[in-house]
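Here is the structure we will look at.
Quick note: the coordinates plus some simple rules give every number you see, no bench work behind them. Every value quoted in this text rests on a predicted model; they were computed, and no experiment measured them. Note that each Cβ is placed from the backbone with ideal geometry, even for glycine, and that neighbours are counted across all protein chains shown.
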Amino acid sequence: MSKHPEITLDGRYRGVIYEYANVKTDMSYIGKTDNEKVRRHSWNNKSNKAYGGKKLTDARATHGIGNEVWKYEVLEEIFSDTQEGLNSKLKERETYWIREKNSVDNGYNGAYGDGNLGVKFSKDRAAKCGDSMRGKHHSDETKALLSAKSKGRHHTEEAKTKISKKLKGLKRTEAQKQAQSERQKGKAPVPATAAAKQWVQQNGGGYWKNHPIPDEAKANMKKAQQERGTDCVATYPDGSEKTFQTMLDAANATGVGVGSVKYSIDHNNSSTKNGFKFRKQ
């Protein structure tokens, strides 16, 4: 938002949701501002090549910026006692009006408000975005700013539940595993923070090295592992079979390495060196 927000005589912050409607194309651009005068001045600046994103920039270049082409209208006035409160309301109402006017699919907005939430990129656009960012890194100054901004923030319980549901059952593909392996080759484990590094130096290893895991924690870990594990059937050398909830359970019960269990499953119930066979249930 602007450095000089508009403040009313009674001390409140004022902002507007506005529309520029193109009378030639019947398509609109929806925007928000906490200083309407400054924002309109920015529109009238012919040299402004970055007003509102690429779609609107192209339309301004094609049709011009005059009142005979663009009809300006304030869709909603918003007031708040604080600038933070105003900014939050403006974001919410901008998204509402963009959807109400359908100005992403049939207009000049590139997204539903701040960011690209709800916008599906084409493969070409996604590839271009990836190529433009690949190899770039944040400066130390930017990292420090991001760190300070995020410090003390925590996910709500609702957000945690959504993240958990989204990730449950997801498994990395072989390509993802291979890519991670290639990135980590030749790299020694590095503590994430200076404090973690100091702790390792003082204690000589990870936290659990000198701290026995409580039985309750072990049970919870076992339960979580079984929920995301692969049910499998072990065929013993004598032909008998037994079902296990995870490959690790099968490995522990038969004395076969987990890797061998997985290999047998992945290779159509092939036999291990000691005569066991494994398959998915």
(request) May I ask you to work out the translational diffusion coefficient for the chain at 10 °C, viscosity 1.306 mPa s, via Stokes-Einstein with Rh from the Kirkwood sum over Cα pairs, reported in whole µm²/s? (result) 62
(message) Show me, for segment 59-71, the HN-Hα J-couplings you get by feeding each phi into the Karplus relation (A = 6.51, B = -1.76, C = 1.60, θ = phi - 60°), rounded to Hz, glycine and proline as x.
(response) 5, 5, 5, 7, 9, x, 10, x, 5, 6, 10, 10, 9
(message) How would 129, 232 line up from fewest to most surrounding beta-carbon atoms within 10 angstrom?
(response) 129, 232
(message) For the chain, take the longest principal axis of its alpha carbons; what is the angle in degrees between that and the long axis of helix 140-150, to the nearest 10 within 0 to 90?
(response) 90
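Arranged from highest to lowest average of other beta-carbon atoms within 10 Å per residue, in what order do the peptides 89-97, 272-280, 163-171, 38-46 appear?
Details: 89-97: 18.8, 272-280: 15.4, 163-171: 9.0, 38-46: 13.3.
My ranking of the peptides, most packed first, is 89-97, 272-280, 38-46, 163-171.
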(request) Can you tell me the 0 to 90 degree angle between the C-alpha axis of helix 123-133 and the longest principal axis of the chain, rounded to 10? (result) 90
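Pairs of alpha-carbon atoms within less than 8 angstrom and 6+ residues apart define the contacts here; what relative contact order does segment 6-101 have, in percent?
Values: 130 pairs, mean separation 39.5, N = 96.
Relative CO of segment 6-101 lands at 41 percent.
Mind sorting 34, 238 by how few other Cβ atoms lie within 10 Å of their own Cβ, fewest first? Can you show the working numbers first?
Working: 34 23, 238 6.
Least to most surrounded, the residues fall as 238, 34.
Which value at 222 nm does the chain reach when only helices count, each DSSP H run of 4 or more adding -39,500 (n - 2.57), with the total divided by all residues and rounded to the nearest 500 deg cm²/dmol? Each step should come with its number before you reach the end.
Working: 11 runs with 122 residues, N = 281.
Dividing the helical sum by the residues of the chain leaves -13000 deg cm²/dmol.
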